[in-house]
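Presented below is the structure to which this report refers.
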């Protein structure tokens, strides 16, 4: 498997892991109650770890590759669209890491269960929307750019 194909495959696997973790939180989000705070903290730490790694790879490799290839192919119109995607991702990243900073311990979650649940729902919705957007648009462009 070529380097770019392996890289994109890794991003797709990370998306699947993120979605799995978010789906695992669904019973808690539906019930509106956090009974096992320790388990929730473990899940959040795992989600944070995957997201941190994933977002760094997107910033460090994926988006620069996309911009470079768009320039090489003279697709200047795509550059401004990529800038919008990048800016949107930075906003989502800030929201994600603000959430993780606010709820970094079991005590933080236990003292604001309602706020935690609502924040988690908002976070889930933003991440799922972003993952779908990337996989249905940007990843196809990336595959076309690098003959994957």
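Only the coordinates and a few stated rules stand behind these numbers; no lab work does. Please read these numbers as outputs of a predicted model, since none were measured by experiment.
For this structure, a couple of remarks:
- Helical runs assigned H by DSSP (4 residues or longer) give the chain a calculated mean residue ellipticity at 222 nm of -26500 deg cm²/dmol, each run adding -39500 (n - 2.57) before division by the residue total.
- Nearest-ten-degree value, helix 76-102 long axis tilted from longest Cα axis of the chain: 20
- Length gained on full extension, residue 83 to residue 102, computed as 0.36 nm times the residue gap minus the Cα-Cα distance: 4.0 nm.
- Computed from Cα positions, the angle between helix 37-57 and the longest principal axis of the chain comes to roughly 10 degrees.
- Shape category assigned to region 3-145 from the gyration tensor of Cα positions, a/c cut at 1.5: prolate
- In degrees, nearest ten, helix 3-24 long axis to first principal axis of the chain (Cα): 20
- Sequence-distant contacts, meaning Cα pairs under 8 Å at least 6 residues apart, place the relative contact order of the chain at 38 percent.
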